[in-house]
Every structure is written in C-alpha cells, then in structure tokens.
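The next block holds one structure in the form of structure tokens; read it before the comments.
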Amino acid sequence: MIRPTTTLLFICTVLMAQCQSKNTDTMIESSVVKNVEIDKFLGTWYEIARFPHSFEKDLAGVTATYSYRKDGKIEVLNQGYQHSLDGKHKSAKGKAKVPNPDEPGRLKVSFFLFFYGDYLILELDQEDYQWAMIGTGSPNYFWILSRTPVMDEEVYKQLIANAEKRGYDLSRLQKVLQQAEIK
C-alpha cells in the first residue's frame, strides 16, 4: 500500500509542476477530446508509456482501473509492482470527477483529501476506447494507456507523433514493462 506521505508528495509535486509550467517557455497544446462517454472509459487501462515521476518510480505492470463510486464520482485504483513484475505490489486509491459536463475530457483527480489535479484526455480511440493519451496542465506529466498490455505499434507511433506536435519533450518518455511482453 502506498503511504499517505507518498500520496501527499505526489499532490505537492503535481501542484508545483502546474504552477511552474505556467512560468516556463515550454508550452503544450492541451486541448482535450470533445466527446467522452465515461461509461465506456471506465474499466482497466494498462500504462504503456509515461514520463518519469516520483509516485511511479520503478513501477512495472502498472494499471489504472476506473469505476463509479456511490457518490457519483469515479474511483481510481492505480496499481503496479516495484522494480519488476514479480516485485512488491503497490497501489493508490483516489477519486476523479468531471467538473464541467460540457468538457468530459477534462477531469480532476485526487489521491488526498480535496486536493485535485488535472487529468486531461488528450487523445482517445473514440470508436472502441482501446487507447488513450493523458496529460495534465503541466508538460511534465504524460501517459499513453491501452486496454491491453501490448499496444499496436502503429497506434503507438501515431500517438507519439501527436504528442510531439502538442509540444511534449518525448526524450523523457519511458515504456512500461507489462506482463505480455515477457517471453
């Protein structure tokens, strides 16, 4: 289980990064998808690639699972394994909400009390909901997600090209080891 201090560190890091990103020359194009059917977005997503950050340091086999809570918000369960797929299991539970129903691709996520950070659905397979590209208000946070542990290489390349057009520094992008990649 991830300790509360780790969660607090994550929140502080995201908030500081968002403030700092507004003061840097690095600008990203952060428009979100206009149509998101939250019911179709729910379920388990595999993390295919990400920018490195402290709250997922050295995690493999990372998944994010979204489901409805009784209060109408979305439960967020992030899980992974420390250092390898056989490593110690780590998890963090949070919540998400869609503050403006007219912008369903612009969510807010919290892993600690009432501190919320951006969760921006930048790109999404609008037909089958098989892949997504996620960012925040900062150029320092970026994820590529898939419904399967291995993503089609052509789709991955297209998402990388789209991220580059948006202004992301992809030299920092790390692929995430997933179970299906082991042979």
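The values are calculated or read from the model by the stated rules, or taken from the named source; none is laboratory data. Model, not experiment: these values are computed from the prediction. Every residue, glycine as well, gets a Cβ built from its backbone with ideal geometry; the counts of neighbours run over all protein chains shown.
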ask   = For region 116-154, which residues satisfy the criterion of being among the hydrophobic types (A, V, I, L, M, F, W, C) and surrounded by fewer than 16 Cβ atoms within 10 Å (Cβ to Cβ)?
value = Val150
Test result for Thr148, within 23 Å of Lys40 (Cα to Cα) and in contact with a Ser or Thr (Cβ under 9 Å, 6 or more places away or on another chain) = no
task = Assess whether Glu47 counts as being buried (at least 16 other Cβ atoms within 10 Å of the Cβ), under 23 Å from Asn162 (Cβ atoms), of a type in the set (D, E, K, R) and at pLDDT 95 or above.
result = yes
ask   = Of Val36, Val76, which residue is crowded, with 16+ Cβ neighbours inside 10 Å, touching a residue at least 24 places away in the same chain (Cβ under 8 Å) and within 14 Å of Trp143 (Cβ to Cβ)?
value = Val76
Subset tally (residues that are part of a loop (DSSP other than H, G, I, E, B) and either touching a residue at least 24 places away in the same chain (Cβ under 8 Å) or touching a Lys or Arg at 6+ places or on another chain (Cβ under 6 Å) (or both)) for region 101-124 = 3
